[in-house]
Amino acid sequence: METVQDLVHVLADKHGRTRESLLPILQDIVEERRYLSKEVMVDVARELDISAADVFGVATFYTFLDTVERGKYVIRVCKTISCSMKGKGDVLATIEEMLKIKPGETTPDKKFSLLETNCIGWCHKAPAILINDTPYTELTPEKVTEILREYIKK
């Protein structure tokens, strides 16, 4: 397994070493490592010759750039008014009941993390969630129960 420094160097070679390269590098690190540790943010800052505070500021601004370790399956529940009006509350309550966690928490086995997030782009098919990068739309408590049962089996 390559070190964090090696990964950062490879991604800087791929995307460049300018300030504009920061976001694509961070996105690729999250894709590869699942979150941005303090160590990796410092390594990115060194590689791009920018302050660690700048890297941290960008990383914490974007909700899809996790700065804490999450579960294998990250469930992001859309919290927009569209989803709320179409039953997001019942869907969220079903997820909380099934997994025994609240938004911001991870199951003890590190299999699931539950987050509420701003618009995920599926307002026309509300309520919606993302599990990792897979969208699920037009949800009901029954539909989300079926979906989670499949993930629990994995």
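Just so you know, all these numbers are worked out from the coordinates, no wet-lab data involved. Keep in mind that what you see is a predicted model, and the values were worked out from it rather than measured. Heads up, the Cβs are rebuilt from the backbone with ideal geometry, glycines too, and the neighbour counts pull from every protein chain shown.
Rg and Dmax over the alpha-carbon atoms of region 29-109 stand at 16.1, 47 Å. Sequence-distant contacts, meaning Cα pairs under 8 Å at least 6 residues apart, place the relative contact order of region 73-153 at 39 percent. The string of couplings for region 13-25 from the Karplus curve (6.51, -1.76, 1.60, θ = phi - 60°) is 4, 6, 9, x, 10, 9, 4, 5, 7, 4, 4, x, 5 Hz, one whole number per residue in order, with x for Gly and Pro.
Among ASP54, ASP43, ASP6, sorting on how many other beta-carbon atoms sit within 10 Å of each Cβ, with the fewest leading, yields ASP6, ASP54, ASP43.
Rounded to the nearest 20, the Cβ-based charge dipole of region 60-115 about its Cα centre (Lys and Arg +1, Asp and Glu -1) stands at 120 debye.
Residue by residue, region 70-80 carries 3J(HN,Hα) couplings of 10, x, 4, 10, 9, 9, 10, 9, 5, 10, 6 Hz when phi is fed to the Karplus relation 6.51 cos²θ - 1.76 cosθ + 1.60 (θ = phi - 60°); x denotes Gly or Pro. Neighbour counts of other Cβ atoms within 10 Å put MET98, MET41, MET85 in the fewest-to-most order MET85, MET98, MET41.
Near LYS111, the amide H atoms lying under 5 Å from its own belong to LYS72; only residues 5 or more places off or on other chains count, and H is placed 1.01 Å from N. For region 107-117, backbone phi angles converted through the Karplus equation (6.51, -1.76, 1.60; θ = phi - 60°) give residue-by-residue couplings of 4, x, 7, 6, 8, 10, 10, 10, 9, 9, 9 Hz, Gly and Pro being listed as x.
Taking other Cβ atoms within 10 Å as a rough exposure proxy, TYR62, TYR136 sort from fewest to most as TYR62, TYR136.
Around the amide H of ALA128, modelled in the peptide plane, lie the amide H atoms of CYS78, all under 5 Å away and 5 or more residues distant in sequence or on another chain. Take every pair of alpha-carbon atoms less than 8 Å apart whose residues are at least six positions apart; their mean separation over the length of the chain yields a relative contact order of 19 percent. Post the alpha-carbon centroid distance, region 1-25 to region 62-109, in whole angstrom. The two parts, judged by their Cα centres, are 30 Å apart. Dividing the Cα radius of gyration of region 73-153 by 2.2 N^0.38 Å, with N the residue count, gives 0.97.
At the listed q of 0.09, 0.19 Å⁻¹, the Debye profile of the chain, built from one uniform point per Cα, gives log10 I(q)/I(0) equal to -0.34, -1.05. Near the amide H of GLU116, within less than 5 Å, lie the amide hydrogens of VAL77, GLY104, all on another chain or at least 5 residues away, with H placed in the peptide plane. Extension gain, GLU31 to ASP109, is 26.0 nm, computed as 0.36 nm per intervening residue step minus the present C-alpha separation. Each of ALA53, LEU65, HIS124 was scored by the projection of its Cα onto the charge dipole of the chain, and the greatest displacement toward the positive side belongs to HIS124; charges sit on the C-beta of Lys, Arg, Asp and Glu.
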